[in-house]
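J.: Supplied in structure tokens, the structure appears directly below.
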Amino acid sequence: MNAQIPVLEVRDLVKHYSVGGGFFGRGRKQLRAVDGVSFSIGQGETLGLVGESGCGKSTVGKAVLRLVEPTSGQVTLEGEDITSLGSAALLDRRKRMQVIFQDPYSSLNPRMTAGEIVQEPLINFGIGSRAEQRDRVALLFARVGLRPDQRANYPHEFSGGQRQRLGIARALALGPSVIIGDEPVSALDVSVQAQVINLMMDLQQEFGLSYLFVAHDLGVVEHISHRVAVMYLGKIVEIAARAALFETPRHPYTEALLAAVPVSHPRARRARTVLTGDVPSPINPPPGCRFHTRCPIAVARCRQEEPPLVVDASGHGVACHLRATTL
Amino acid sequence: MASDPVLRVEGLRTEFATGDGPPAVAVNDLSFEVNRGETLCIVGESGCGKSLTALSVLRLLPRPYGRIGAGRVLLEGRDLVQVSDPEIREVRGRAVSMIFQEPMTSLNPVLNIGRQIAETVMVHEGLPWQACTDRALEMLRQVRIPEPERRLHEYPHQLSGGMRQRVMIAMALACRPRVLLADEPTTALDVTIQAQILDLIRDLQRETGTAVLLITHDLGVVAEMADRVLVMYAGSKVEEGTAAEIFDAPTHPYTRGLMGAMPHLGGAHGGRLAEIPGVVPALNARPKGCSFAPRCSLATSRCHVEAPPLRSFAGSHTVACWEVGQGAAA
């Protein structure tokens, strides 16, 4: 792992959607899905991006890939700003950055065989002869743990875990440096989920891949990530190395999230302070700190002034007036 | 608590008619009981038969293919498999009620929630309408919905996922059932909302003494909630015991595999998770002998031929495996 050279760098990423409104768009409102998110990922590193539904974590993944166009902000892939690239140049850079989705079934063409699905990116980019492409497909099948004879099968003939392996093989076909996983194991049963997590970690070791791992399951994220960013209502509220985040969380929201995770043994049951209420709407996020409406320690200042993400010398960043260590 | 079973299921077999072959057995010879004030968790992966078990209890199996092939479902001694259709309707929602994973699909989108709760009370208790709406308000308060007077007049789409699940719980508990069947009640919810709902179920259970049958795939939820645990695999019970027995000494290779496969906070990280190779067999392709044998590292030739019986391991702990737990078997 070499965190010194960021493979992927994201600066002030913003994605707003216009929603609602009536005739001629009067009364349209801005949904602030992602509202100024910055992070970087080093070679061979996994950044886990966690948060609850609607916090904007999936939108970050899509905006980084430019599957949705960011409203503003900058995405730098291997030193090159890809935010303003034209579609042809962008397509070419996609060789270096691939994606795995939560539900592989909806992202696999049901009328193509598994072999064709994995070969397709090689054809699209004109890489190698047909024979070389087929060799590479065979290699990829073996690497992700699919049998050679399964190349002739169609997606519906695979189980959920095998489909995710297929999605991974397709993502690997072009030899990317970054893979964005959007809840890649959330739909899988526990025993199969473990197989896919192990596979992703093995592949990272072998190819030096960098992962942006978007997920809501804190246990999975702790297992797979080197660093973790916690999002709330479109913003990163805390970012730190895994051990720092899970052992000494600083943001009250991170604390609440960790406290809400079910225990792993009945003897560890404890009375806990459960966060009350629901996440406010990202259409009209609360002023000041967005978490203040549910925060157990909020003071007057939190209701007016938005806390910046303050990063200390160890790289532990917190956006909280009361918990940030000022240097 | 140990000897006050409200619900006792004996030798349940749930099967599905197939084209011309023999019926496919989805739940096979399953027995368990739930006591008053107790939470029994049924845990297992997709397709293990845990949801069908709950649906069998209330005779809600998909028609015309699903049916109870054998066994008894005794609610305080009365066999629900044998009662008439009007009688089972009377049981549903009153003595035994159920909540599901996705409350949106179980709520009527065109009726306000106050009316939906009040209707349940009206149907089962035949009280005057005013008394029913009073009960609805009281239930919303009990499940800690803020501003219950206003919420009474709202429609399901106006509520968040957590609020909808609270409404479902309010409806399920409105007639003070003796048994609550909760099928993955928090699976669709965020972790902070899950914590709220689990706390709520636990508090209400303490107040009412309702027996809870909680179905989940999440061992974390089991660790939070269970008094006793029943592990299912491919339609059969493979292990059962108190929560402490199961978590201290998981014995069946499948239970041990599940525990090792689940990453949990503060666990060893970065290393490999324990894998269970392969996948759960399809309903029409269940292997002979022990269903888990094709995925089991301990399996011997006997396991592939002969299904292991449940044997008492220690205390109330029972395990269905030829290879483990023989030492303590009587």
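The values are calculated or read from the model by the stated rules, or taken from the named source; none is laboratory data. Given the structure is predicted, the values throughout are model-derived calculations rather than measurements. As a convention, Cβ positions derive from the backbone with ideal geometry for all residues, glycine included, and neighbour counts pool all protein chains shown. SASA here: full protein model, heavy atoms, side chains in, ligands and nucleic acids out. Shrake-Rupley method; radii C 1.70, N 1.55, O 1.52, S 1.80 Å.
J.: Scanning for something in contact (Cβ under 8 Å) with a residue 12 or more places away in the chain, at positive phi and part of a loop (DSSP other than H, G, I, E, B), does the stretch A:95-107 turn up at least one residue? Spell out how you get there, then give the answer.
T.: Within the stretch A:95-107, the subset in contact (Cβ under 8 Å) with a residue 12 or more places away in the chain is A:95-105, A:107.
Okay, now just the ones that are also at positive phi, so none.
No, the stretch A:95-107 has no match at all.
J.: If I filter the stretch B:185-204 down to residues being touching a strand residue (DSSP E or B) at 6+ places or on another chain (Cβ under 9 Å) and open to solvent by 20 Å² or more (accessible area, probe 1.4 Å), which single residue comes out as nearest to B:Ile145 (Cα to Cα)?
T.: Applying the filter and picking the extreme gives B:Arg202.
J.: Here's something else I'd like to know. What number of residues within the stretch A:29-83 satisfy the criterion of being assigned to a strand (DSSP E or B), of a type in the set (Gly, Ala, Ser) and away from chain B (no Cβ under 14 Å)? Give the steps one after another, and end with the answer.
T.: Taking the stretch A:29-83 first, the residues assigned to a strand (DSSP E or B) are A:29-43, A:46-50, A:72-77, A:80-81.
Going one step further and asking which of them are of a type in the set (Gly, Ala, Ser), we end up with A:33, A:36, A:38, A:40, A:42, A:48, A:72-73.
The next check asks that each one be away from chain B (no Cβ under 14 Å); those that pass are A:33, A:36, A:38, A:40, A:42, A:72-73.
Number of matching residues: 7.
J.: Suppose we keep only residues that are more than 9 Å from chain A (Cβ to nearest Cβ) and buried (at least 24 other Cβ atoms within 10 Å of the Cβ) within the stretch B:235-250. Which one would you say is nearest to B:Thr14 (Cα to Cα)? Before you say what the answer is, go through the steps one by one.
T.: Going residue by residue through the stretch B:235-250, those that are more than 9 Å from chain A (Cβ to nearest Cβ) are B:235-241, B:245, B:249-250.
Still in the running and buried (at least 24 other Cβ atoms within 10 Å of the Cβ): B:235, B:237-241.
Details: B:Gly235: 9, B:Lys237: 13, B:Val238: 17, B:Glu239: 19, B:Glu240: 20, B:Gly241: 23 Å.
Among those residues, the one meeting the criterion is B:Gly235.
J.: Also, I was wondering about something else. Does the stretch A:258-267 contain any residue that is touching a Cys at 6+ places or on another chain (Cβ under 7 Å) and either free of Cβ contacts under 8 Å to residues at least 24 places away in the same chain or more than 8 Å from chain B (Cβ to nearest Cβ) (or both)?
T.: First, the residues of the stretch A:258-267 that are touching a Cys at 6+ places or on another chain (Cβ under 7 Å): none.
Looking through the stretch A:258-267, none of the residues is touching a Cys at 6+ places or on another chain (Cβ under 7 Å) and either free of Cβ contacts under 8 Å to residues at least 24 places away in the same chain or more than 8 Å from chain B (Cβ to nearest Cβ) (or both).
J.: Given (1) open to solvent by 60 Å² or more (accessible area, probe 1.4 Å); (2) closer than 21 Å to B:Ile215 by Cα, identify the lone condition not met by B:Ile68.
T.: Condition (1) is where B:Ile68 drops out.
J.: I want to confirm something. Restricting to the stretch A:193-202 and keeping residues that are surrounded by 24 or more Cβ atoms within 10 Å (Cβ to Cβ) and within 19 Å of A:Ser107 (Cα to Cα), which single residue is farthest from the other protein chains (Cβ to nearest Cβ)?
T.: Only one residue tops the list, namely A:Val196.
J.: Taking the stretch B:208-227 as the search range and keeping residues that are among the acidic types (Asp, Glu) and open to solvent by 10 Å² or more (accessible area, probe 1.4 Å), which one is farthest from the other protein chains (Cβ to nearest Cβ)?
T.: The first filter runs over the stretch B:208-227 and keeps only residues among the acidic types (Asp, Glu), leaving B:218, B:224, B:227.
After this cut, where a residue has to be open to solvent by 10 Å² or more (accessible area, probe 1.4 Å) as well, the list is B:218, B:227.
Values: B:Asp218: 7, B:Asp227: 9 Å.
Taking the candidates together, the pick is B:Asp227.
J.: Now a separate question. Which one is farthest from the other protein chains (Cβ to nearest Cβ) among residues in the stretch B:33-65 that are closer than 30 Å to B:Pro277 by Cα and assigned to a loop (DSSP other than H, G, I, E, B)? So that I can check it myself, show each step before the final result.
T.: Restricting attention to the stretch B:33-65, the residues satisfying the condition of being closer than 30 Å to B:Pro277 by Cα are B:40-55.
Next, from what is left, pick out any that are assigned to a loop (DSSP other than H, G, I, E, B): B:44-49.
Numbers: B:Gly44: 9, B:Glu45: 4, B:Ser46: 5, B:Gly47: 9, B:Cys48: 9, B:Gly49: 14 Å.
This residue is B:Gly49.
J.: Restricting to the stretch B:183-207, give me the number of residues that are out of contact with any helix residue (DSSP H, G or I) (no Cβ under 7 Å at 6 or more places or on another chain) and away from chain A (no Cβ under 14 Å).
T.: So the count comes out to 2.
J.: Quick check on the stretch A:167-192: of everything there that is more than 14 Å from chain B (Cβ to nearest Cβ) and β-branched (Val, Ile, Thr), which residue is nearest to A:Arg151 (Cα to Cα)?
T.: Residue satisfying both the conditions and the ranking: A:Ile168.
J.: List the pairs whose first member sits in the stretch B:270-297 and is at the interface with chain A (Cβ under 8 Å from one of its Cβ atoms), whose second member is at pLDDT 90 or above and surrounded by fewer than 15 Cβ atoms within 10 Å (Cβ to Cβ), and whose Cβ atoms are under 9 Å apart, counting only residues at least 6 apart or on separate chains?
T.: Final answer for the pair search is B:Arg272/A:Asp202; B:Pro277/B:Ser297.
J.: Going through A:Ala173, A:Ala89, A:Ala114, A:Ala142 one at a time, which residue ends up being free of Cβ contacts under 8 Å to residues at least 12 places away in the same chain and closer than 27 Å to A:Gln193 by Cβ?
T.: Details: A:Ala173 fails: free of Cβ contacts under 8 Å to residues at least 12 places away in the same chain; A:Ala89 fails: closer than 27 Å to A:Gln193 by Cβ; A:Ala114 fails: free of Cβ contacts under 8 Å to residues at least 12 places away in the same chain.
Selected residue: A:Ala142, the only one of A:Ala173, A:Ala89, A:Ala114, A:Ala142 that is free of Cβ contacts under 8 Å to residues at least 12 places away in the same chain and closer than 27 Å to A:Gln193 by Cβ.
J.: Looking only at the stretch B:3-57, filter to residues that are touching an Asp or Glu at 6+ places or on another chain (Cβ under 6 Å) and polar (S, T, N, Q); which one of those is most open to solvent (accessible area, probe 1.4 Å)?
T.: Looking at the filtered set, the residue picked out is B:Ser46.
J.: Same structure, new question: Which residue, of B:Arg150, B:Arg144, B:Arg178, B:Arg135, is of a type in the set (Lys, Arg), within 30 Å of B:Val43 (Cβ to Cβ) and more than 14 Å from chain A (Cβ to nearest Cβ)? Reasoning before the result, please.
T.: On the way: B:Arg150 fails: within 30 Å of B:Val43 (Cβ to Cβ); B:Arg144 fails: more than 14 Å from chain A (Cβ to nearest Cβ); B:Arg135 fails: within 30 Å of B:Val43 (Cβ to Cβ).
Unique residue meeting the criteria: B:Arg178.
J.: Where residues in the stretch B:251-269 are within 7 Å of chain A (Cβ to nearest Cβ) and at pLDDT 85 or above, which of them is nearest to A:His226 (Cα to Cα)?
T.: If we take residues in the stretch B:251-269 being within 7 Å of chain A (Cβ to nearest Cβ) and at pLDDT 85 or above, then B:Pro263 is nearest to A:His226 (Cα to Cα).
J.: Within the stretch B:56-105, track down each residue that is within 16 Å of the chain's Cα centre (by Cα), free of Cβ contacts under 8 Å to residues at least 60 places away in the same chain and within 23 Å of B:Lys237 (Cα to Cα).
T.: B:Ser56, B:Arg59, B:Leu60, B:Leu61
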